Every structure is written in structure tokens, then in C-alpha cells.
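Structure record follows, encoded as C-alpha cells.
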Amino acid sequence: MAEAFDSVDVIVAKRDGHALSDGQIDWVVDAYTRGAVAEEQMSALAMAILLNGMDRREISRWTAAMIATGDRMDFSGLSRPTSDKHSTGGVGDKVTLPLAPLVASCGVAVPQLSGRGLGHTGGTLDKLESIPGWRCDLSYAEMTAQLESVGAVICAAGSSLAPADKKLYALRDVTGTVEAIPLIASSIMSKKIAEGTGALVLDVKVGSGAFMKDLDSARELARTMVDLGTDAGVTTVALLTDMGTPLGLTAGNAIEVRESLDVLAGGGPADVVELTLALAREMLVAAGRDDVDPADKLADGSAMDVWRAMISAQGGDVDAPLPVATESQVVVASATGVLTRLDALTVGVAAWRLGAGRARKEDPVQAGAGVVLHAKPGDEVAAGQPLMTLLTDDPDRFARAEESLTDAYDITDRSEDAGVASYRRDIILDRFT
Ligand code: URA
């Protein structure tokens with residue numbers, strides 16, 4: 001059968017700065033997924049998109065074309081509204097773990113499809129897999145049943161959801177085109193829209209530990225994704241949040257589960273609690289529930305009850321001890337003063353090198369590995385005091401992890417200090433609707 005368009009015409013149109021027609025977009029995305037557009041042709045088109053951009057209509061159409069290559073889930077038959085959250089990824093970002101049961105405890109169902117970590121950012125599934133017995137591979141029917149009975153599910157996205165994205169993401173990864181904002185936005189949003197959530201809150205991270213290193217590009221990504229969600233009929237809100245320093249006091253797998261349990265028990269680090277509650281409020285309002293305060297559900301134990309039900313429903317033993325690394329090493333402060341900077345990327349790379357993350361997608365991760373922080377920016381420290389503890393099952397990994405921490409932090413003499421509070425960072429930097 002003759003193809004409707006010619007790949008080279010589509011590439012040349014974008015190369016020369018023209019907008020692609022709806023027909024061209026529908027065809028090229030579908031034809032690439034079924035193998036009728038060659039990898040080298042899609043590489044050239046992805047680079048032309050990176051260099052020349054796409055307008056709002058093109059990005060919406062591209063996203064819809066990616067969704068059309070696979071299945072779409074539909075949770076509109078549930079007895080309660082649905083709302084989900086997506087984070088662009090960061091160091092120590094365990095917020096999905098307390099957030100999903102918290103929002104469910106407020107009467108809104110959370111269908112959370114998550115991924116594994118690659119590189120220095122952790123993956124929600126890797127963290128939850130440190131709980132003995134827990135499994136992530138649920139069918140659509142199991143997901144629907146759990147959403148009705150428990151209200152929250154965190155599981156792996158099946159291969160039938162936006163298959164165009166899987167192919168295109170792998171290609172972008174090896175052709176220097178990951179950074180194209182139209183391609184990042186359509187990649188994330190095609191999966192979230194296909195997932196069938198009624199409302200969506202995006203946590204767009206900005207800073208050294210994030211995909212977006214500067215505020216302008218993070219704002220552009222947030223704006224683009226909110227527009228895409230809105231065009232697809234999903235109530236979408238984005239918060240821009242700081243990822244210059246790690247979130248909370250842990251970066252790893254089991255240690256992040258433990259910190260999430262602290263939050264669900266009504267404690268936990270202030271920044272994790274603040275972000276969890278802010279995202280929960282946005283998710284509830286976006287789903288039409290502004291009559292419940294999620295802080296009450298953390299305080300009265302209801303969110304913890306949903307966590308236990310959610311983990312048990314997926315085979316996890318909620319009472320089993322979490323894995324603990326066999327080896328540890330302490331990093332001490334080099335001076336006395338105020339910790340004025342603690343860099344997210346370097347801590348993320350250290351956790352990754354200790355075994356918490358993977359270099360290739362088929363690599364295993366260590367459940368107990370990671371970094372525990374003993375101080376955050378704005379805290380006073382004394383020379384020789386423990387700043388962080390490195391954890392791994394494999395002591396050969398300490399040297400490389402310590403190497404990545406060479407420029408991880410600054411300590412300023414108290415006498416030169418302008419004011420300790422100025423080093424405490426705001427977590428929420430902007431909001432888009
Ligand atoms: N996450 C995605 O799912 N896709 C991208 O392109 C970038 C981050």
C-alpha cells in the first residue's frame with residue numbers, strides 16, 4: 001500500500017522552519033511506529049524539531065498521534081474522581097509514595113503509572129520493590145479493581161501505552177535530541193493522557209538534580225505540558241519546584257521508603273511534608289474536592305491505613321523489615337559554619353554509584369544502597385561532624401561515590417554569614433494552570 005506522505009518531505013518541511021500539517025504529523029508518528037519511517041529519518045526529524053520547535057497545535061497533534069499508537073485506559077466508571085501526579089524526576093524525590101495513599105484517603109482515586117530510575121534520578125518502582133513481595137505488574141482489570149477497593153495504585157506502565165514513545169525515546173537518547181521541549185512534553189503527556197486520569201498535577205523540577213537546569217526552560221516545559229493536558233480535556237496544573245538540593249534526608253530505595261513511612265506517620269522532613277501536602281491539595285482541587293484538608297489525614301493515620309492496604313493488595317509485606325545495606329561510611333564536614341549549599345546532582349550521582357541506581361536499563365539495583373543526609377542548607381555544622389552516611393552492599397563502591405562528592409557542598413564561616421535563613425530554599429517556585 002502506498003504511504004500517504006513522503007518522509008523526506010516531512011523532514012524538509014521542519015528543517016526549513018515550517019509547521020507540519022495535522023496529516024503529516026498523524027502519518028509520521030504512526031508510520032515510524034510500524035517501521036515505515038526509518039530510524040535515520042526520524043532522527044533527522046527529531047533534530048529538526050529540536051532546532052526549529054513546534055507550535056501549540058503541532059505539539060497537541062503530535063501527542064494525540066502518539067496516544068493513538070496504543071491503548072487508552074478509562075477510569076470514568078469508578079465511584080470516585082481520579083487525579084494523578086507526574087514528577088520530571090529528582091534526587092530524593094519519594095513524594096509519590098506518601099502522596100498516592102494520602103490523596104486516596106481524601107476520597108480521590110490515584111492511578112499512578114510509574115517507571116524505573118535511569119542515571120542519577122531514582123525510580124518509584126525501584127523504591128517500592130525494596131518492600132518484600134511487592135509487585136508492580138498489574139493488569140488493567142487488577143488496577144481498576146484496586147482503585148475501586150483501595151483508592152490508590154502505583155504500578156508499571158504496560159508496553160501497550162503509547163508504544164510510539166518507547167521507540168522514539170530510545171532513539172532520542174542516542175541522537176542528542178532528548179532536550180527538545182516539544183518532544184519531552186509530548187512524551188510525558190502522551191503516557192499521562194493515555195492513562196485516563198481525570199486530573200493531573202505536574203511537579204516540574206528545576207536545578208542541578210533535575211532535567212531542567214534553569215528556570216526559563218522549566219517554565220517553558222511546564223507551560224507546554226499544561227496546555228497539552230488542557231487541550232486533551234484533562235484538568236492540568238503544574239508546580240515548579242526546587243531540585244538544587246536533595247528532597248528530604250535520603251536518596252536511595254529502601255531508605256526513601258522508610259522516610260515516606262515517617263511522613264505517613266505524621267513526621268518526616270519538613271520539605272517532603274510541605275511538597276507532599278502542596279501536591280495533594282492541587283490534586284484534590286483539580287478533581288473537584290476542595291472540602292478536605294490532607295494534613296488531617298496524615299495526622300489521624302488514614303493515609304497510613306491506605307498505604308498498608310495499597311502495598312498489601314500488590315503482594316507487599318507491610319510489616320517485614322526493609323533491607324539494610326551491609327556497609328556504611330560517614331562523610332564529615334570539612335569546616336565549622338553554616339552549610340550554604342548541598343548539591344542535588346552530586347548526591348544523586350553518589351547514591352547511583354553506591355548501587356541505588358542503574359547505568360543500563362536491564363541492570364539490577366541494590367535495595368539498601370544510597371545516601372543519608374545529616375544536614376541541609378541553612379543548618380549550622382561543626383568540623384568533623386557527620387554530614388552524610390554512604391550505604392552500599394559493595395565496599396568497592398565507596399571510592400567512586402566519594403569522588404563524586406568532592407564539590408558537593410559549601411560551608412560558610414558564621415561571622416561572614418548574611419543570615420542563616422537565606423540559605424533555606426523555597427521549594428515551590430511557581431505555579432501554572
Ligand atoms: N520523561 C519522559 O517520559 N519523557 C521524556 O522525554 C523525558 C522525561
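The values are calculated or read from the model by the stated rules, or taken from the named source; none is laboratory data. Computed from a prediction, not measured in an experiment: that's the story for all the values here. Counting neighbours? That spans all protein chains shown, and the Cβs are built from the backbone with ideal geometry, glycine included. For the accessible areas, the whole protein counts, side chains as well, though only heavy atoms, and no ligand, DNA or RNA atoms are used. Shrake-Rupley method; radii C 1.70, N 1.55, O 1.52, S 1.80 Å.
Taken together, the criteria exclude Leu322 from residues that are in a helix (DSSP H, G or I), surrounded by 15 or more Cβ atoms within 10 Å (Cβ to Cβ) and at pLDDT 95 or above. Is segment 334-351 home to any residue that is at pLDDT 95 or above, open to solvent by less than 60 Å² (accessible area, probe 1.4 Å) and hydroxyl-bearing (Ser, Thr, Tyr)? Within segment 334-351, one or more residues are at pLDDT 95 or above, open to solvent by less than 60 Å² (accessible area, probe 1.4 Å) and hydroxyl-bearing (Ser, Thr, Tyr). May I ask you to verify whether Val381 is closer than 30 Å to Ala170 by Cβ and outside the structural domain of Lys205 (by TED's automatic domain parsing)? No; evaluated as a whole, the condition is false for this residue.
Within segment 238-259, the set of residues being hydrophobic (A, V, I, L, M, F, W, C), open to solvent by less than 10 Å² (accessible area, probe 1.4 Å) and not in a loop (DSSP other than H, G, I, E, B) comprises Ala238, Leu239, Leu240, Ala251, Ala254, Val257. Restricted to segment 151-237, the set of helices (runs of 4 or more DSSP H) holding at least 1 residues that are away from the ligand (no atom under 13 Å from the Cβ) and without any contact (Cβ under 8 Å) to a residue 40 or more places away in the chain comprises 215-231. Taking every residue in segment 1-20 that is farther than 12 Å from Leu45 by Cα and pairing it with any residue that is of a type in the set (Ser, Thr, Tyr) and open to solvent by 70 Å² or more (accessible area, probe 1.4 Å), at least 6 positions away or on another chain, yields no pair with a Cβ-Cβ distance below 9 Å.
One residue alone among Gly151, Gly133, Gly123, Gly107 is open to solvent by 30 Å² or more (accessible area, probe 1.4 Å), assigned by TED's automatic domain parsing to the domain that holds Gly198 and either out of contact with any Ser or Thr (no Cβ under 6 Å at 6 or more places or on another chain) or at pLDDT 95 or above (or both), and that residue is Gly133.
The number of residues in segment 96-118 that are outside any strand (DSSP E or B), touching a Lys or Arg at 6+ places or on another chain (Cβ under 8 Å) and within 16 Å of the ligand (Cβ to nearest atom) comes to 3. Within segment 302-309, is there a residue that is part of a loop (DSSP other than H, G, I, E, B) and either open to solvent by less than 30 Å² (accessible area, probe 1.4 Å) or at pLDDT below 95 (or both)? For segment 302-309, residues part of a loop (DSSP other than H, G, I, E, B) and either open to solvent by less than 30 Å² (accessible area, probe 1.4 Å) or at pLDDT below 95 (or both): absent. With respect to Lys376, determine if the residue is under 22 Å from the mean Cα position of the chain (by Cα), assigned to a loop (DSSP other than H, G, I, E, B) and modelled with pLDDT under 95. No, not satisfied. With the structure loaded, tell me whether Asp93 is part of a strand (DSSP E or B), in contact (Cβ under 8 Å) with a residue 12 or more places away in the chain, open to solvent by less than 30 Å² (accessible area, probe 1.4 Å) and within 16 Å of the ligand (Cβ to nearest atom) or whether it fails that test. Here the answer is no, as Asp93 does not meet what is asked. Answer with yes or no whether Trp62 is aromatic (Phe, Trp, Tyr), more than 23 Å from Thr241 (Cβ to Cβ), open to solvent by less than 10 Å² (accessible area, probe 1.4 Å) and not assigned by TED's automatic domain parsing to the domain that holds Ser404. Answer is yes for this residue. Would you mind stating whether Thr175 is hydroxyl-bearing (Ser, Thr, Tyr) and under 19 Å from Thr63 (Cα atoms)? Spelling it out, it is not the case that Thr175 is hydroxyl-bearing (Ser, Thr, Tyr) and under 19 Å from Thr63 (Cα atoms).
Let's see how each residue does on (1) of a type in the set (Ser, Thr, Tyr); (2) closer than 24 Å to Leu279 by Cα:
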{"residue": "Thr82", "(1), (2)": "yes, yes"}
{"residue": "Ala100", "(1), (2)": "no, yes"}
{"residue": "Ala104", "(1), (2)": "no, yes"}
{"residue": "Lys166", "(1), (2)": "no, no"}
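Among the residues of segment 364-374, write down those that are open to solvent by 10 Å² or more (accessible area, probe 1.4 Å) and closer than 15 Å to Thr121 by Cβ. Residue satisfying the conditions is Val365 alone. Test Val37 against the criterion of being without any contact (Cβ under 8 Å) to a residue 60 or more places away in the chain, surrounded by 18 or more Cβ atoms within 10 Å (Cβ to Cβ) and either assigned by TED's automatic domain parsing to the domain that holds Leu373 or not in a helix (DSSP H, G or I) (or both), and give yes or no. Yes: the conditions hold for Val37. Restricting segment 390-403 to residues that are open to solvent by less than 20 Å² (accessible area, probe 1.4 Å) and within 24 Å of the chain's Cα centre (by Cα), the residue that is nearest to Leu339 (Cα to Cα) is Leu390.
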